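What follows is one structure encoded as structure tokens, with my remarks underneath.
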Ligand code: GCW
């Protein structure tokens, strides 16, 4: 059963279009592989088996170029001098991790060359070349030069050492600490391979709510074993650092970053780690957030904490990813304002090897949030994006929600911080501020479920995250197209409607959970299902009522000048747009304004009616998704067809649950009837 699911987007199904298959065969008459490293062996093997599976002919692997129509692979250094010379200017088009796929003439014969400055570039090139075949693209006269636009393309695993996964909905952690280091689960290799195939080059193995034990020799030995598996795939290992580790495992009395013993402890710890793992990536830190220890426990600030750790790893080339996800009950007036207030004043104060990791929105991974005001507001500090791939607030691994659509919406947002066109993507890829360190992190949705991600379509979110981390300007629709072809089928009658289903799935979840800028009204703690009524939690900003503020007069959080003035954290042009009820995009209306139930929406409906109709629309959209999927049976293997069908049925039931729960609850305040077109609660 699991086999198809398990193979993710690396199915390499036989190419059924016979004309195309024979064209491919004629152009792929053998592999010439230069290079001897582990990475180049992997690249050769991938090419060999990929071609074999798709075309059913086993290409010969040769060590020199004979005849014609060979695929030549190897990094710049190992290519023969004639080829090197003929394409030397092409290397100017790529960076250290980039690749070139090019049809070349060698001794007057045509061949396809896959190369890069480094071995890992060749590997990326191979996966990209295989994708051309998987998606049935032409391979005549190729001339592709592509490079990742960010340096750190990384998964954040919120995996605990007991293998539970915080906000994980796909089983337990992949990392079998008990059997490591001597037992290498095949899954580790398959995981590395899947990541490399989309260009992911880093992984934080452990939860940001960190356990200091991971930094003890007993665990570091196991981390080392994983790093050894991932290295040939171009993937670096990172760990989370618990700020109080010097006390917990180091026997010190304090973790004060200004204390010499403390900074020495971290320096020694870094040296110990780098001795085992010379290419260790560095640390990800959640400090003074949700009860985690941090520099503020000692009257110090984020800069003190981050820079102390940065100094410990800098001799080895390590980085510190310091999270900006902070909020506290002591300033509960508006949680959305706190990260900006705490971090923006520190712009330019962090060491060069610190990158501040900012969630896409100012609250917490909601179905829709406006972009985080920190993007573009710290021009002298590298900022990296943190997206959540696991669906904490979006129906876990039960609901089908195609997240690259959400990611794209954020990346395209214009911050106006340096005038029009200052998109979040430009902040992230460093093109705006010319920061050297750039990155995108995704909170992983991977576990030891047979299909990795719980929902077969959640694989698309892992894939799409990787693609956007590689190039934040890619279009989510193109990514969906690629993913579907690689994962399921190239049949147009399948691709067209199912792509449509994926694209609309993001708006559907917004509509049936949190239309018009509503947010954080999920039931408490687990965040599954509706809970807008919850009001009894100890911290005000944990209660959904804090976010929707529904009353007789209306609904929504007033973050305008008249309210908490969170809008002032944006560039003046954006501030103006959000601040004004007339110009505020309706999709963010209740995020920024408290609006009367009778407020007239652009479509002429009152807010109450409009909201009710949106909830209904969300339900209808899920119904549409079901209708689309039900027609795909002949294109999809029986198991995945059935799985998705069952999951969509649950999603439909739960979309109605959301609609009914929210409308019945809010109706107590609006005191109004449901408009025509909205089904009566069941
Ligand atoms: O989204 C919230 C989650 C917490 C998480 C926290 C964070 C790891 O509910 O489970 O903790 O954010 O991002 O630190």
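The values are calculated or read from the model by the stated rules, or taken from the named source; none is laboratory data. Source: prediction; values computed, not measured. Note that each Cβ is placed from the backbone with ideal geometry, even for glycine, and that neighbours are counted across all protein chains shown.
Could you look through region 526-541, keep only residues that are touching a helix residue (DSSP H, G or I) at 6+ places or on another chain (Cβ under 6 Å) and within 16 Å of the ligand (Cβ to nearest atom), and pick out the one that is farthest from residue 397 (Cα to Cα)?
539
Name the single residue that is surrounded by the most Cβ atoms within 10 Å (Cβ to Cβ) among those in region 23-64 being part of a strand (DSSP E or B) and touching a residue at least 40 places away in the same chain (Cβ under 8 Å).
33
Report whether or not residue 165 is away from the ligand (no atom under 16 Å from the Cβ) and touching a residue at least 40 places away in the same chain (Cβ under 8 Å).
no
I'm checking my understanding of the structure. Among residues of region 268-287 that are more than 10 Å from residue 209 (Cα to Cα) and within 24 Å of the chain's Cα centre (by Cα), which one is farthest from the ligand (Cβ to nearest atom)?
In this case the residue turns out to be 279.
Taking the stated definitions as given, is residue 572 loosely packed, with under 15 Cβ neighbours inside 10 Å, touching a residue at least 40 places away in the same chain (Cβ under 8 Å) and not assigned by TED's automatic domain parsing to the domain that holds residue 456?
In short, yes.
Among the residues of region 452-487, which ones are part of a loop (DSSP other than H, G, I, E, B) and crowded, with 23+ Cβ neighbours inside 10 Å?
452, 453, 454, 455, 472
Checking the structure you have, find out if any residue of region 443-451 is under 9 Å from the mean Cα position of the chain (by Cα), more than 25 Å from residue 13 (Cβ to Cβ) and not in a loop (DSSP other than H, G, I, E, B).
yes
If I filter region 288-309 down to residues being within 19 Å of residue 156 (Cα to Cα) and surrounded by fewer than 24 Cβ atoms within 10 Å (Cβ to Cβ), which single residue comes out as farthest from the ligand (Cβ to nearest atom)?
It comes out as 288.
Tell me, please, whether a residue that is more than 16 Å from the ligand (Cβ to nearest atom) and under 29 Å from residue 450 (Cβ atoms) can be found in region 237-252.
yes
Out of curiosity, is residue 466 within 16 Å of the ligand (Cβ to nearest atom) and either within 30 Å of residue 189 (Cβ to Cβ) or not assigned by TED's automatic domain parsing to the domain that holds residue 657 (or both)?
no
Criterion first (in contact with a strand residue (DSSP E or B) (Cβ under 9 Å, 6 or more places away or on another chain) and farther than 29 Å from residue 442 by Cα) does residue 111 satisfy it?
Yes: the conditions hold for residue 111.
Need the failing condition index for residue 516 against (1) assigned to a loop (DSSP other than H, G, I, E, B); (2) assigned by TED's automatic domain parsing to the domain that holds residue 639, just the number.
Unmet for residue 516, out of (1) assigned to a loop (DSSP other than H, G, I, E, B); (2) assigned by TED's automatic domain parsing to the domain that holds residue 639: (1).
Please specify each residue of region 318-333 satisfying the condition of being part of a loop (DSSP other than H, G, I, E, B) and within 16 Å of the ligand (Cβ to nearest atom).
Across region 318-333, the qualifying residues are 324, 325, 326, 327, 328.
So, of the residues in region 210-221 that are surrounded by fewer than 20 Cβ atoms within 10 Å (Cβ to Cβ) and touching a residue at least 40 places away in the same chain (Cβ under 8 Å), which turns out to be nearest to the ligand (Cβ to nearest atom)?
Here the residue is 211.
Quick one: residue 372 ticks every box in (1) modelled with pLDDT of 95 or more; (2) under 21 Å from the mean Cα position of the chain (by Cα); (3) under 19 Å from residue 296 (Cα atoms); (4) within 16 Å of the ligand (Cβ to nearest atom) bar one, so which box is it?
(3)
I'd like the full set of residues that are without any contact (Cβ under 8 Å) to a residue 12 or more places away in the chain and in contact with a helix residue (DSSP H, G or I) (Cβ under 7 Å, 6 or more places away or on another chain), limited to region 475-525.
Scanning region 475-525 gives no hits.
Confirm whether residue 207 is within 16 Å of the ligand (Cβ to nearest atom), buried (at least 23 other Cβ atoms within 10 Å of the Cβ) and closer than 16 Å to residue 444 by Cβ.
yes
Look through region 347-369, keep the residues that are within 16 Å of the ligand (Cβ to nearest atom) and not in a loop (DSSP other than H, G, I, E, B), and return whichever of them is farthest from residue 547 (Cα to Cα).
Going through the qualifying residues, I end up with 356.
Which of the residues that make up region 393-427 are out of contact with any helix residue (DSSP H, G or I) (no Cβ under 7 Å at 6 or more places or on another chain), more than 30 Å from residue 618 (Cβ to Cβ) and buried (at least 19 other Cβ atoms within 10 Å of the Cβ)?
Result: 417, 422, 426, 427.
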